[in-house]
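S.K.: Sharing a structure, written as structure tokens. Questions coming.
Derivation of every value follows stated rules applied to the coordinates shown; laboratory data play no part. What you are looking at is a predicted structure, and each value in this text was computed from that prediction instead of being measured. Note: ideal-geometry Cβ built from the backbone for every residue, glycine included; neighbour counts use all protein chains shown.
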Amino acid sequence: MSTLTFLEEVTMVLLNEDTGGFEPLSDWRMSCVAAGAVLMDLALANRIDTDLESLILLDETPLDDDLLDPSLAEIAAETDTNRPIQYWVERIGSRAEDLVHKSLERLGSRGIIRSDEGGFWARTSKVRRDKVGELEGEDFVRDVRQRIFSVIHSDEIPDPREISIISLLNACEVFVTRLDSVEYEEVAERVELLSRMDLIGQSLAVAVQATFKSPVTSTVVPRRDPPRIGFWDCLLSKPLRSGNLPEFFAEQHCKYGPVAVLKPVKKKTFVISGAEVNAMVHRRGRLFLRSKEYIEEFQKDWGVSRSVASMDGAEHFRMRKVMRDGTARTVVEDRVQELYEIFGRHVSNWSVGKTHMGEYACQAMVGEQVSILSTSSDISGYFDDLFILETRMLLVNVFGLLPKFMTRTPSMNRKRKRLLELYAAIHSAHSPALREGMRRDFVDDIFELHAEDPQFLPETDIGFALIAALIAGHYAGSVLSFALYSILTEPEIVEQLRQEAENLFADGHASHEEIKNEDIDVALRFVMEVMRLYCVIPVHMRHVMNAQIVEGYEIPPNIDCMVAYTASHYLEENFKDPLKFDIDRYLPPREEHKKPGAFRPFGVGTHTCLGQRFVELQMAMNVLLLVHHLDLEMVPKSYKLKITPFPKLHPNKRFKFRVTNIRNPLPA
């Protein structure tokens, strides 16, 4: 059995199940909470002693705990033994972000909490309300949050550990923040009484209260004007002329650093990039970046008031939870036979010797796969109209590359009518009778949310929610298009892929029970390298809602910000020979993708792609099917990749291929 540390328990108390983040505390209060919890742990382990004014080192022997030992080492190394306890709260508090992050990771590794791709955290079924004290056989852990709030609302006698936590939370005004004014008045007297019952808690409370700083004094930095990415930087950039936006932003990162202002755009826009920035945005982006503004006009034109792409905070977290099951890897695993069938149907039309457009062929196949797996309906007949309308609206409303009237031409109006037909087709395929005994899909979850809470997801917004997965499939089609190009240009890796495919398909097409990561390792690494070099969505457009210091520069509120998260893919400091297609960079001991913030093909922050595991497996299986069944060649053989950067990165129309031979019979 292993007891949680005070820091881990306090982390659980502060975790808000509705938002997937922490209770609203200022940075400094959170720092004091973390520092106080660490000092409580050291005191409990008899490494330090405290009174109301001072801290005394008792034993400098490490605890073999990476949460606590760095602070113990700092205390042991201090030559001035008369430092007040306030000094240590401030000093340890300066590392609070790393401490809390490490605490979250430890809780996650033990299965006590879980995180989705967007960095939202939630408790798991291991957390129980009726167990007090320890992980029991590593199966259950007490819900300390429930226990703490139960204690302050009742007359039951708490244990000393709970008293210490209550004292610390009270000192940092967590109860004032967490409870409404009426509820707080009811428990304030008991909270104060309990807080006075523990000497360690009292001393830390005094120290924490004495070290509170105002937000202004804790965030002031010398003002520096950020460098500017100018017109000539853009004009003379070879990567930009070729359409490779990730490489362009990496080029500017090397020239100007992680923070710059993009001058050629109409409105002042910051560009932030690099692995360290990616890691910071993934942790803290929700506190200063908002997504609503960049997509607002697009949504109005589409006829919806909001979507998962424009939501932030608690409502975004709620929507992601609803969409999670329908976009999970298990969807592809459970329905992989349907994926085979769709592959066979499309590829059977790729006649030997006939030339095909790479982007269009991949879009058609992946689009139908996503539609069947997410809506259980063959709605591929609507794809061309849907994607043409979406592309036009993005070019007009998000990128500003076309005038407003271009979304209201007669052709676009006809496509809007087709969109209504698409909604009706999806709806009619999901009547209770038709869905009886069927595996739940993405659309079932959306309809259930609407039925349960029509105010949260009204009829006016449900149509766009239904096709969110289809639009995501549009982007996945371009991923496969880049993968197809890489198959045609990397013959040595194709041989490795074919060997893996022959092993996997030796007894026919593998069932989902037979598809393990180790059996498709080459394909997964191949897909990872494709997404590193050719990231379909290269930046996040965001609006700054709170001022933030990034790498020494202040980014003011009410300004636009590009998070160029894919720039890190082209930086030598993260990936050796970044322009080289190298699937071995993901193997031990190199594992270049594991550097925090370095490999982010699905985005950073709370809006990280929810279906990334779905896409990874879908792409890997399609790649293996392509090399197993077909011999392919580029048309013409001398073609060099040209990228169209808007509204997403994809190979241009000149990317073509043909089938030269059918190696193995196609799936029926």
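S.K.: Full-extension gain between residue 109 and residue 268, please, as 0.36 nm times their residue separation minus the C-alpha to C-alpha distance.
M.R.: Extending this stretch completely gives an extra 53.1 nm.
S.K.: Which semi-axes, in whole Å and largest first, does the equivalent ellipsoid of segment 269-338 have when worked out from the alpha carbon gyration tensor as the square roots of 5 times its eigenvalues?
M.R.: The three semi-axes for segment 269-338 are 27, 20, 13 Å.
S.K.: Taking a cut-off of 18 Å, what percent of all Cα-Cα pairs in segment 44-89 are separated by more than that?
M.R.: 21
S.K.: For the residue pair residue 404 and residue 183, what label-to-label distance in nm results when each label sits 7 Å from Cα along the Cα-to-beta-carbon direction?
M.R.: 4.5
S.K.: Over what distance in Å are the Cα centres of segment 431-497 and segment 139-183 separated?
M.R.: Segment 431-497 and segment 139-183 have Cα centres separated by 42 Å.
S.K.: Where does the charge balance sit around residue 262 when Lys and Arg score +1, Asp and Glu -1, over other residues with C-beta under 10 Å from its C-beta?
M.R.: So the environment of residue 262 carries a net charge of +2.
S.K.: Can you tell me the mean projection area, over all orientations, of the convex hull of segment 386-448's alpha carbons? Units nm², please.
M.R.: Averaging across all directions leaves 5.3 nm² for the Cα convex hull.
S.K.: Using the Karplus curve 6.51 cos²θ - 1.76 cosθ + 1.60 with θ = phi - 60°, work out ³J(HN,Hα) for each residue of segment 288-295 in order, rounded to whole Hz, and write x for Gly and Pro.
M.R.: Running phi through 6.51 cos²θ - 1.76 cosθ + 1.60 with θ = phi - 60° gives 9, 10, 9, 9, 4, 4, 5, 10 Hz.
S.K.: Give the residues of segment 32-55 whose amide nitrogen is closer than 17 Å to a point set 7 Å from the Cα of residue 196 in the direction of its Cβ.
M.R.: 52
S.K.: Across segment 172-179, in residue order, what do the Karplus-derived ³J(HN,Hα) couplings come to in whole Hz, using 6.51 cos²θ - 1.76 cosθ + 1.60 with θ = phi - 60° and x for Gly and Pro?
M.R.: Whole-Hz 3J(HN,Hα) from phi for segment 172-179: 8, 6, 5, 5, 4, 6, 6, 9.
S.K.: Okay, moving on. Take the alpha-carbon centre of segment 270-317, take the same for segment 525-577, and report the distance between them in whole Å.
M.R.: Here the answer is 13 Å between Cα centres.
S.K.: By how many degrees, 0 to 90 and rounded to 10, does the Cα axis of helix 245-256 deviate from the longest principal axis of the chain?
M.R.: The two axes meet at around 50 degrees.
S.K.: Tell me the relative contact order for the chain as a rounded percent, counting alpha carbon contacts under 8 Å between residues six or more apart.
M.R.: Here the relative contact order equals 17 percent.
S.K.: What's the long-distance tail for segment 394-518, i.e. % of Cα pairs beyond 27 Å?
M.R.: The share of Cα pairs beyond 27 Å in segment 394-518 comes to 49 percent.
S.K.: Can you give me the orientation-averaged projected area of the convex hull built on the Cα atoms of segment 483-597, in nm²?
M.R.: 10.0
S.K.: Tell me the trypsin sites (Lys or Arg not before Pro) within segment 575-630 that lie in a loop according to DSSP and have at most 12 other beta-carbon atoms within 10 Å.
M.R.: 576, 580
S.K.: Using amide H atoms built 1.01 Å from N in the peptide plane, name the residues 5+ places from residue 153, or on other chains, whose amide H lies under 5 Å from its own.
M.R.: When sequence neighbours closer than 5 places are left aside, there are no close amide H contacts.
S.K.: Count the net charge of all other residues whose Cβ sits under 10 Å from the Cβ of residue 45, scoring Lys and Arg as +1 and Asp and Glu as -1.
M.R.: -2
S.K.: Counting only DSSP beta bridges with both residues in the chain, what percent are antiparallel, rounded to the nearest 5?
M.R.: Rounded to the nearest five, the antiparallel share is 75 percent.
S.K.: Return the sequence-ordered ³J(HN,Hα) values of segment 630-637 in whole Hz as given by the Karplus equation 6.51 cos²θ - 1.76 cosθ + 1.60 applied to θ = phi - 60°, using x for Gly and Pro.
M.R.: 3J(HN,Hα) across segment 630-637, in whole Hz: 10, 9, 10, 8, 6, 10, x, 5.
S.K.: Also, I was wondering about something else. May I ask which of 102/255; 267/648; 300/642 have a Cα-Cα span longer than 25 Å here?
M.R.: Those over the limit are 102/255; 300/642.
S.K.: Run lengths n ≥ 4 of DSSP H only: what is the helix-derived mean residue ellipticity at 222 nm for the chain, with -39500 (n - 2.57) per run over all residues, to the nearest 500?
M.R.: Calculated mean residue ellipticity at 222 nm is -15500 deg cm²/dmol.
S.K.: Quick one: helix 313-324 against the long Cα principal axis of the chain, what's the angle to the nearest 10°, folded into 0 to 90?
M.R.: 50
S.K.: Further, regarding this structure: Would you mind giving the average projected area, over all directions, of the Cα convex hull of the chain in nm² with one decimal?
M.R.: Over all viewing directions, the chain projects a mean Cα-hull area of 33.0 nm².
S.K.: Find how much the distance from residue 435 to residue 420 grows on full extension, using 0.36 nm per residue of separation minus their present alpha carbon separation; answer in nm with one decimal.
M.R.: 3.2 nm
S.K.: Work out the charge dipole of the chain with +1 on the Cβ of Lys and Arg and -1 on the Cβ of Asp and Glu about the Cα centre, then indicate which of 515, 294, 115 is farthest towards its positive end.
M.R.: 294
S.K.: Tilt of helix 358-375 relative to the longest C-alpha principal axis of the chain, in degrees (0 to 90, nearest 10)?
M.R.: Computed tilt is about 60 degrees.
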